[in-house]
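Engineer: Here's a structure for you.
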Amino acid sequence: MSGNWIEVCGEDEIDEEDVIRFDHGGRTFAVYRSLDDEFFATDGLCTHEQIHLADGLVMDEIIECPKHNGRFNYKTGEAKGAPVCVNLKTYPVKIEDGAVFIAI
């Protein structure tokens, strides 16, 4: 995995089947915790109208944008429902000593 590892938060700061917003270096990311207790990260803004995805609803592997209800698979970044048609960029995630890191 390439990139710089940046600490986002503690593992216990993200509930299962939830998302948090993380801002770093003038960019916004969304960090997710699945029902399987795995962590994932994507760009934090919807590709349709640049709305913060952390304000959206997480259901299974899907994040739904709060503005127009466009959907993405947060594990793969794949656009899954109109009006979104551009995929999200995803980022590697690792857990070390109870902290969540993403590579950007």
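Engineer: Give the long-range amide H neighbours of residue 45: residues separated by 5 or more places, or on another chain, with amide H under 5 Å away, using H modelled in the peptide plane at 1.01 Å from N.
Structural biologist: 53
Engineer: Taking the Cβ of residue 22 as the centre, find all other residues whose Cβ is under 12 Å away and add up their charges (Lys, Arg: +1; Asp, Glu: -1).
Structural biologist: Spelling it out: positives minus negatives among the neighbours equals -2.
Engineer: Only residues of the stretch 70-104 count here: report those whose backbone N is under 17 Å from the spot 7 Å along Cα→Cβ of residue 18, or say none.
Structural biologist: Output list for this probe position: 99-101.
Engineer: Still on this structure: Taking only the C-alpha atoms, wrap a convex hull around the chain and report its volume per residue in Å³ as a whole number.
Structural biologist: 88 Å³
Engineer: Restricting things to alpha carbons, tell me how big the stretch 1-55 is in terms of Rg and Dmax, in Å.
Structural biologist: In Å, with Rg to one decimal and Dmax whole: 11.5, 31.
Engineer: Shifting gears a bit: Residue by residue through the stretch 89-104, which ³J(HN,Hα) values in whole Hz follow from phi under the Karplus form 6.51 cos²θ - 1.76 cosθ + 1.60 (θ = phi - 60°), with glycine and proline marked x?
Structural biologist: With the stated coefficients, the stretch 89-104 comes to 7, 10, 9, x, 10, 9, 10, 9, 6, x, 10, 9, 10, 10, 9, 10 Hz.
Engineer: Something else now. Can you list residues from other chains, or at least 5 along the same chain, whose modelled amide H is less than 5 Å from the amide H of residue 81?
Structural biologist: 71
Engineer: So, one more: In the chain, which Cys residues have no partner Cys with a Cβ closer than 4.7 Å?
Structural biologist: Singleton cysteines: 9, 85.
Coordinate-derived values only; no laboratory data. Nothing here was measured: the structure is a model prediction, and the numbers come from that model. Note: ideal-geometry Cβ built from the backbone for every residue, glycine included; neighbour counts use all protein chains shown.
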